[in-house]
1. Tell me, what % of the accessible area of the chain is carbon and sulfur with a 1.4 angstrom probe?
2. Compute the accessible area per residue over region 191-310, keeping the other protein chains in place, probe 1.4 Å, unit Å².
3. State in Å² the accessible area per residue of region 33-132; use a 1.4 Å probe, count heavy atoms of protein chains only, and round to the nearest integer.
4. Which net charge results when you count Lys and Arg as +1 and Asp and Glu as -1 among the other residues whose beta-carbon is under 9 Å from that of Thr353?
5. Count the DSSP beta bridges whose two residues both fall in the chain, then state the antiparallel fraction as a percent rounded to the nearest 5.
6. What residues from region 140-174 fall in the zone where the backbone N is under 17 Å from a label point 7 Å along the Cα-to-C-beta line of Ser115?
7. Which one, (i) 70, 60, 44; (ii) 71, 47, 34; (iii) 71, 55, 45, gives Cα extents along the principal axes in Å as derived from the coordinates shown?
8. Ala107's amide H: which non-local residues (gap 5+, or another chain) put their own amide H closer than 5 Å, with H modeled 1.01 Å from N in plane and none for Pro or chain starts?
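The values are calculated or read from the model by the stated rules, or taken from the named source; none is laboratory data. This is a predicted model, so every value here is computed, not measured. Positions of Cβ are backbone-derived with ideal geometry, glycine not excepted, and every protein chain shown enters the neighbour counts. Surface accessibility is based on the protein's heavy atoms, side chains included, excluding ligands, DNA and RNA. Shrake-Rupley method; radii C 1.70, N 1.55, O 1.52, S 1.80 Å.
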Amino acid sequence: MKGWQVQDDHRAAPPESAQSDGTPGWDAINQAMTALYPGQEPRHFGTLRPLTLGGDDPLDGISVYWTETPRPHWHFVTFGFSELYDKQSDDPDHSGFGFELTFRLAAPLGASADSPPPMWPLNLLQNLARYVFESGNVFEQGHYLNANGPIALEHDTRLRHLAFMRDPQLAPRQTPHGRLELLQAIGLADGEMDAILTWSAEAVLHALAPAMPLWITDLDRGDLMDDPALAGQIQHGSQREGSSTAALFVDDLDWQVTGQGPARLVIGAGQVARLQRLLPARLPYGRSLELAGRQRSWVFEPGRVDRVQCDGATAVCTLVTASLAQLLQQLRPQRGTYPLGDGDALVIEVRPTTLRDTRGEPAAIVG
């Protein structure tokens with residue numbers, strides 16, 4: 001159990017050295033879980049060297065509860081995204097990042113309340129915390145990410161993505177340090193994530209809920225979009241409403257707009273497929289799509305003329321309907337240069353993308 005230690009009495013309690021100033025944030029999480037599972041003492045796993053005690057691990061701990069309904073599963077909850085002890089931030093309205101994560105994992109046949117929970121979700125949640133603490137990007141209702149591989153690295157599973165929704169059994173609550181939401185991380189397959197991109201996470205996950213009660217993650221299940229009736233329902237919603245995805249956060253992004261010659265957009269090959277799905281689900285509905293990089297951003301908008309304008313760290317590219325269709329037809333997720341039309345307005349350069357898994361390790365190269 002590298003990086004984790006189970007407390008002898010299983011109680012969800014903070015490290016003794018962190019208790020001198022009180023634990024109102026920690027207590028608020030315990031109270032929420034106790035109301036859901038009255039009388040149950042969870043298994044609690046403490047981080048060996050949490051950030052609050054000068055270590056490298058953002059989370060102080062994770063508690064795991066057992067429940068039989070609607071099917072046997074473990075219910076994980078984190079301690080560390082919010083302010084567990086004293087108030088550190090200047091934001092009076094939110095406790096820390098304003099959320100903690102939960103995760104529901106289906107138990108295998110024969111498992112019981114006495115069965116030890118798998119350890120990989122602990123590491124998954126800790127890695128998600130590292131991403132938030134290092135990048136400053138917080139998770140919110142309806143957010144999602146590509147794990148660039150199985151969410152459980154040692155398992156053969158079709159679940160390669162995560163979406164985030166308010167835990168259906170844990171309402172937002174007010175703590176002494178501000179508002180706290182309990183966001184559930186949900187494992188998803190490729191087809192389900194494609195559906196979210198072209199419609200919305202909330203709409204798709206509510207459509208999936210009858211087949212995935214409480215959005216329990218089951219590593220052994222298939223892609224629910226393989227069901228023609230469900231796929232047709234979601235496709236109809238997407239065609240009716242378009243996509244709610246307003247931005248893609250990308251690592252590989254650059255552009256040059258000089259006013260002399262065509263503008264040049266540089267993207268990674270790993271973003272091309274999503275761009276091809278999202279542009280026709282946004283621009284024809286009168287909506288823009290932003291590619292957001294670490295320092296700069298590029299915005300596609302519908303318009304009456306093809307042009308690119310630069311405003312500081314943001315470039316705005318307007319496309320007419322015919323140019324959008326041409327772009328979608330020509331662009332490929334392969335290294336190369338792709339001019340729009342005769343190349344007078346825009347040239348897109350595609351470079352190879354290094355995909356990283358949930359541990360941040362290189363997993364594959366696209367393009």
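1. Values: 8130 of 17160 Å².
That fraction is 47 percent.
2. Values: 5590 Å² over 120 residues.
The answer is 47 Å² per residue.
3. On the way: 4010 Å² over 100 residues.
I get 40 Å² per residue for region 33-132.
4. Numbers: positive: Arg351; negative: Asp251, Asp252.
Computed value for this residue: -1.
5. Numbers: 53 of 76 bridges.
Of the beta bridges lying entirely in the chain, close to 70 percent run antiparallel.
6. In region 140-174, the label zone of Ser115 (backbone N under 17 Å from the point 7 Å along Cα→Cβ) covers 155-156.
7. Entry (ii).
8. Amide H to amide H, under 5 Å and 5 or more residues apart or across chains, Ala107 pairs with His73, Trp74.
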